[in-house]
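The values are calculated or read from the model by the stated rules, or taken from the named source; none is laboratory data. Predicted, not measured: the structure shown is a model, and the values here were computed from it. So basically every Cβ, Gly included, is an ideal-geometry build from the backbone, and we count neighbours across all protein chains shown.
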Amino acid sequence: MKREELASRCASRLHGCSLGASRQMIGSEEVQQDATKQGRPETEPIETDCVIIGAGPVGLFAVFELGLVDIKAHVVDILDKPGGQCAELYPDKPIYDIPGLPVVTGQELTDRLMEQIKPFAPTFHFGERVDELQRMPDGRFMLKTDAGTMFLTKVVVIAAGGGSFTPKRPPLEGIEAYEGKSVFYAVRRRQDFAGTDLLIVGGGDSALDWTLNLQPLARSLTLLHRRDEFRAAPHSVERMRQLVAEGKMQLKIGQVTALHGEDGWLEAVTIRTKDGEERLKCNRMLPFFGLTMKLGPIANWGLNLEENLIPVDTEKFETSEKGIFAIGDINTYPGKLKLILSGFHEAALMAQQAHKYVYPDRKLLFQYTTSSSSLQKKLGVR
């Protein structure tokens, strides 16, 4: 699969997130998502034991290890489903170095981990990025996402892989002024585009999926791509061409060269086609140019960093800030190997130290799941 196609697939899933949903189906699994938002004032934080940033394999296994020591977790991920890079970019790629599994795909591993953590009922907050983190006077941490969700937690676990997926910005002069008002890189609520003159730019799964999803809602919709070939599912391309033939939308081949509007509100764009330049009326634009990986807001949280990685100790995988841990590909230490199994090991040791912060007056007795009746009860096997 080509790199652009991978980015497009990832973008499609990111932009397909629905923050309003309380539950989401992942394969055959029903996932608890954002249930605490319902009926809760926007300014009231969610109080919890732990917030895990990142729902990749290591973040998911952290839920398991924390659950064994009675620590409840909320999991935040900018993508719209669990699995991280593993499931997003390479869902069908075989992995050969997971102990006990001679071969497993990224999606299969994600599904197995989701099944494994089911007894601990974590709450997922998909399609959100943790932007702010600060320590409170009582020692706990206040976190805030880009969607306004706030958490008050005793422990933070950063399992963000290589960082966060960031949409690529089109190279258009002055586009920053329109972002968040009339130019968007994600669709959080379909209804926000109802009755609009919508321009979607791109030729991958994201562009085609949202063309088909938003066409019934928009007053007018134009899909713009630089060539008349698409990196999307064939049935989506076929359906789009059918809508064009029926006169329900426009398809134009070319590129946006300029934006026109005032105070961040788009009124039209200039596009260049093989026949020259033309002005196209639109008041909303969704450019889907793929994604890049960046460390993101983590860089502003006051943690020690080494070449965009977070140094940790190898006893408990704690950062320079007590109570904040980093596990998986986001961390660094002497001899670090960027393997999923290394992240699993780090999650197990992290949970032992996290217990001391969550339950400072409770002594933790190390137990084996093979012989401990209390652990087996937590897992629902007896």
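Here are a few things to note about the model shown:
- LYS338 assigned to a loop (DSSP other than H, G, I, E, B) and either within 23 Å of the chain's Cα centre (by Cα) or within 24 Å of GLY106 (Cβ to Cβ) (or both): yes
- Residue in the stretch 319-335 that is on the phi < 0 side of the Ramachandran plot and in a helix (DSSP H, G or I) present: yes
- Take the conditions (1) part of a loop (DSSP other than H, G, I, E, B); (2) surrounded by 16 or more Cβ atoms within 10 Å (Cβ to Cβ); (3) of a type in the set (A, V, I, L, M, F, W, C); PHE366 misses just one of them, which is (2).
- Residues that are under 27 Å from GLY106 (Cα atoms), modelled with pLDDT under 95, in the same structural domain as ASP49 (by TED's automatic domain parsing) and not in a loop (DSSP other than H, G, I, E, B) do not occur anywhere in the stretch 347-357.
- The lone exception for GLN191 - which of (1) within 27 Å of the chain's Cα centre (by Cα); (2) part of a strand (DSSP E or B) it fails: (2)
- LYS316 being assigned to a loop (DSSP other than H, G, I, E, B), under 24 Å from the mean Cα position of the chain (by Cα) and not assigned by TED's automatic domain parsing to the domain that holds GLU176: no
- Selection from the stretch 129-146 of residues that are assigned to a loop (DSSP other than H, G, I, E, B), among the acidic types (Asp, Glu) and surrounded by 13 or more Cβ atoms within 10 Å (Cβ to Cβ): ASP146
- Selection within the stretch 198-214 - within 15 Å of LYS252 (Cβ to Cβ) and not hydrophobic (A, V, I, L, M, F, W, C): GLY202, GLY203, THR211
- Test for SER371: is it more than 18 Å from ALA159 (Cα to Cα) and small (Gly, Ala, Ser): yes
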